[in-house]
Each structure stands twice: as C-alpha cells, then as structure tokens.
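> I have a structure I would like to understand better, so I am pasting it below and will then ask my questions one at a time.
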Amino acid sequence: MPNAVSLFSGAGGFCEGVRLAGFKLACAVEMDKYAVQTHGANFPKVPMFNGDVSRFLLDAQPGVPSKRDLIESDVDLVFGGPPCQGFSQIGPRDLKDPRNLLYLEFARVLKALKPKVFVMENVPNMVAMKNGHFRDLILSALRGAGYRNTVLIPLTASQFGVPQHRRRVFFVGTRDDLAASDDLAAQFLRYLDSSRSEREITVHEAISDLPRSVSLDDGPLPYPKLRLKNPSDFQRAMRLDFDSPLVPKPWKSANLKGKRSLLNHHTKGIESRRKRIVKALKPGADGDSLPKSLWNGSRAYKWRRLHPDEPSYTILAHMQRDLSEWIHPKHDRWITVREAARLQSFHDGFVFLGSERQQLKQVGNAVPPLLGYAVASAAKKLLRAM
C-alpha cells in the first residue's frame with residue numbers, strides 16, 4: 001500500500017479521498033484545534049502533527065513520525081491544499097496576505113521527504129491573480145524542490161460525482177529523477193477519466209432523504225429511516241444503512257455510543273425579518289427576485305435558495321458567518337451542517353466537532369472527498385506507471 005503525507009489537512013476531506021483510493025496515511029499536519037479534533041475523530045489511527053506547518057519535520061511530537069521515520073518509509077505522495085483565503089474571489093484578495101506564501105512550506109516538505117508524486121490544491125483565482133504572479137512563484141519553488149515536471153489541472157467537482165459546482169486547480173508533479181511522461185497533464189487527465197461521472201448529481205438527489213426537522217440542541221438525532229421509494233445512487237453511497245464502499249465498516253453499525261445516529265443535522269436560527277425573505281425566495285432564485293419591501297440591497301447573491309434540480313453552487317467557509325446564500329431548496333431554513341457535508345460528498349458517518357460555526361468552517365474549507373478520491377486514484381495510477 002503506498003504511503004501518503006497530508007499537509008493543511010483540515011477536517012480531512014482530501015484525506016478521506018486519498019484513503020478511499022488505497023493509500024496509507026502516514027501523517028497529517030494541521031494547526032486549527034477544532035479541525036484537529038474532527039480529523040482525530042474520523043482518522044483515529046493517523047498520527048497528527050498539531051501545529052504550524054513551518055515546524056513540521058523540525059519539532060518532535062509524541063506519536064508523530066520524525067523526518068527520518070518518514071524518509072525511511074519511502075513516502076509516495078504528499079498532498080494538501082494551503083489555505084486559499086488570500087487568493088479567493090471572496091474577500092479582499094490581499095497580495096500581502098501571509099497565507100499566500102504557505103506554498104513555500106509545501107515545497108520545503110517536498111524537498112525534505114522527496115515523495116515520488118505530489119498534489120497541491122487551490123482556488124483557480126490563484127493562477128490568474130496578478131497576471132499569474134503567484135502561479136509562477138509557486139512553479140519556481142516546486143522546481144527548486146526537485147519537481148520540474150509539474151502541471152496545473154483545473155477541475156470541477158460536479159464532474160466527479162460531487163453535487164456541487166466547485167472549481168479548483170491542482171498542481172501535480174513528479175520527482176525529477178523518476179521516469180516522467182512527456183505530457184504529464186494529458187496522462188493525468190486520462191487517468192482521471194475513469195472517475196468522471198456520466199451526469200451531474202443534483203441537490204435533490206443529494207439531500208432529499210434527510211429530515212426536515214433539525215436538532216435543536218446540536219446533538220445527535222436517531223438515524224432517519226429511508227422513506228423514499230427510489231433513493232438516488234448518491235444517497236445510497238452516503239447513508240449508513242446501505243452497503244456503501246464509501247462508509248468504513250465501524251460506521252455501518254454505530255457512530256456514537258453504540259447507536260447509529262444522524263450527526264450534525266443542525267443549523268442557525270432565523271430572525272423574523274429574514275424568515276420573511278426566505279419564504280419569498282423560490283427555488284434557484286436570488287435577491288434580485290425579492291420585492292423591494294423585503295430587500296433593496298445591491299448584492300443579489302446576498303440571498304440565494306438552492307435549486308433542487310441542479311448541483312449546488314460552491315460550499316464556502318463563509319457559511320460560518322452567514323448562511324443566507326445557502327437556503328434549503330424546499331424547507332424555509334438554512335441548510336444544516338450535515339446537508340452542507342452531503343453537498344461536499346462526506347458520508348453520514350463523518351462527524352464534525354467544535355461549535356456549529358467551527359463545523360461550517362471545516363465543511364466549507366474541505367476538499368470534497370469524491371474529488372479527492374478521483375485525484376488520488378489518478379496519482380496512484382501515475383505511481384504505477386513509473
């Protein structure tokens with residue numbers, strides 16, 4: 001089984017995809033304490049370096065393999081997505097944001113561990129920002145780490161079974177001393193083809209089996225019986241009461257204190273004025289459709305109700321502050337943490353810890369597991385071809 005090291009692991013969406021692709025997670029790195037708790041709950045056997053990535057391989061932590069240990073284990077893949085808020089179209093896009101330089105830590109780890117392959121994820125705006133300034137800096141750093149054969153692969157999550165139009169770019173590279181394809185991009189895209197979906201998964205297919213009522217105290221609910229006559233293939237893959245290859249065996253029988261439960265099915269309350277706005281929004285509509293008596297703001301996307309017959313628009317960490325852009329397509333409320341997780345392709349056994357705000361942040365920041373699985377599966381084929 002090939003070994004992988006995860007950087008900027010967050011809650012573990014990318015890790016889940018890499019695990020599904022058949023890699024052994026040798027180590028994960030994350031500094032956010034709530035994300036670390038969530039990662040530990042879902043990957044209890046994976047050593048976690050809990051701290052700043054700049055200290056990884058330099059500082060010792062109990063139970064975490066040392067630099068020497070990892071080198072001797074012959075790491076096959078290093079993967080991760082440095083925080084993208086400094087590049088994102090949402091927010092100030094500050095060129096001096098220190099998070100814009102975290103790719104240097106990624107390159108440092110590559111130089112130290114010398115994996116055969118790496119995959120680094122980020123937002124498409126990072127490539128275009130300042131006429132490709134950061135793209136060129138990143139490619140230069142990766143070349144300096146020993147990965148001259150590096151390509152950029154733009155992908156949309158909805159093409160790989162994720163019910164969401166989430167666009168991301170992946171840097172993929174192979175170590176300089178290994179046999180390399182003359183056209184790595186074409187090779188990697190060819191390997192990705194087997195994971196592509198025949199059609200897009202809609203919001204209705206993703207979450208219509210989840211109950212209308214939510215947890216009022218943010219605690220677990222009894223796992224809901226399936227009342228749909230014809231559940232979608234996506235629902236079958238996400239639910240705990242089907243024989244899904246996505247759900248680890250321990251979760252099929254129990255996920256909390258010996259009982260099968262629906263976790264994280266809670267959401268923020270709605271004040272009366274906002275409730276009137278929510279009721280006035282039709283499925284798929286935004287703020288422009290509202291009467292002026294309810295909303296006369298200039299930003300149409302301040303209010304959006306998901307369309308049941310289309311994939312979701314991008315699930316973002318911004319949900320932690322305001323859910324008015326993520327209104328349930330049928331019920332007059334915001335989507336729940338669990339529904340957001342479904343739209344990211346997390347199965348129902350994957351638990352998120354911390355406050356509701358922290359949970360929404362973790363879900364929004366994650367690489368969708370099914371997208372991670374597609375990319376990791378292509379990386380595994382790349383390893384085999386070397």
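> Go through segment 43-65 and report how many residues are open to solvent by 50 Å² or more (accessible area, probe 1.4 Å) and over 30 Å from K249 (Cβ atoms).
Qualifying residue count, segment 43-65: 5.
> Quick check, is R260 open to solvent by 70 Å² or more (accessible area, probe 1.4 Å), over 21 Å from the mean Cα position of the chain (by Cα) and touching a residue at least 12 places away in the same chain (Cβ under 8 Å)?
Details: open to solvent by 70 Å² or more (accessible area, probe 1.4 Å): yes; over 21 Å from the mean Cα position of the chain (by Cα): yes; touching a residue at least 12 places away in the same chain (Cβ under 8 Å): yes.
Yes.
> When you look at L371, is it in a helix (DSSP H, G or I), open to solvent by less than 10 Å² (accessible area, probe 1.4 Å) and either farther than 16 Å from F14 by Cα or β-branched (V, I, T) (or both), yes or no? Break it down stepwise before answering.
Details: in a helix (DSSP H, G or I): yes; open to solvent by less than 10 Å² (accessible area, probe 1.4 Å): yes; either farther than 16 Å from F14 by Cα or β-branched (V, I, T) (or both): no.
Judged against the criteria, L371 is not a match.
> Can you tell me how many residues in segment 9-23 are in a helix (DSSP H, G or I) and buried (at least 24 other Cβ atoms within 10 Å of the Cβ)? Step through it out loud before you land on a result.
We begin by selecting, within segment 9-23, every residue in a helix (DSSP H, G or I); these are 13-20.
Remaining after also requiring buried (at least 24 other Cβ atoms within 10 Å of the Cβ): 13-18.
Residues meeting the conditions: 6.
> Tell me the helices (runs of 4 or more DSSP H) entirely within segment 176-240 that contain at least 1 residues that are surrounded by 15 or more Cβ atoms within 10 Å (Cβ to Cβ) and among the acidic types (D, E).
Values: elements: 184-192, 203-207, 233-238.
Answer list for segment 176-240: 203-207.
> Does segment 345-356 contain at least one residue that is of a type in the set (A, V, I, L, M, F, W, C), open to solvent by less than 10 Å² (accessible area, probe 1.4 Å), modelled with pLDDT of 95 or more and not in a loop (DSSP other than H, G, I, E, B)?
Within segment 345-356, the first condition is being of a type in the set (A, V, I, L, M, F, W, C), and the residues that meet it are 346, 350-353.
Those still in the list that are open to solvent by less than 10 Å² (accessible area, probe 1.4 Å) too: 346, 350, 352.
From what is left, the residues that are modelled with pLDDT of 95 or more are 346, 350, 352.
Filter again for not in a loop (DSSP other than H, G, I, E, B), leaving none.
Scanning segment 345-356 turns up no residue that is of a type in the set (A, V, I, L, M, F, W, C), open to solvent by less than 10 Å² (accessible area, probe 1.4 Å), modelled with pLDDT of 95 or more and not in a loop (DSSP other than H, G, I, E, B).
> Tell me which of these P154 doesn't satisfy, since it passes every other one: (1) open to solvent by 40 Å² or more (accessible area, probe 1.4 Å); (2) outside any helix (DSSP H, G or I); (3) touching a helix residue (DSSP H, G or I) at 6+ places or on another chain (Cβ under 6 Å); (4) not hydrophobic (A, V, I, L, M, F, W, C).
(3)
> Name every residue in segment 291-315 that is in contact (Cβ under 8 Å) with a residue 40 or more places away in the chain, assigned to a loop (DSSP other than H, G, I, E, B) and open to solvent by less than 40 Å² (accessible area, probe 1.4 Å), in order of residue number.
Of segment 291-315, the ones in contact (Cβ under 8 Å) with a residue 40 or more places away in the chain are 306-315.
Remaining after also requiring assigned to a loop (DSSP other than H, G, I, E, B): 306-311, 313-315.
Matches in segment 291-315: L306, P308, P311, T314, I315.
The values are calculated or read from the model by the stated rules, or taken from the named source; none is laboratory data. For clarity, every value in this text was computed on a predicted model and none was experimentally measured. Quick reminder, even Gly has a Cβ in these numbers, built from the backbone with ideal geometry, and neighbours come from all protein chains shown. SASA here: full protein model, heavy atoms, side chains in, ligands and nucleic acids out. Shrake-Rupley method; radii C 1.70, N 1.55, O 1.52, S 1.80 Å.
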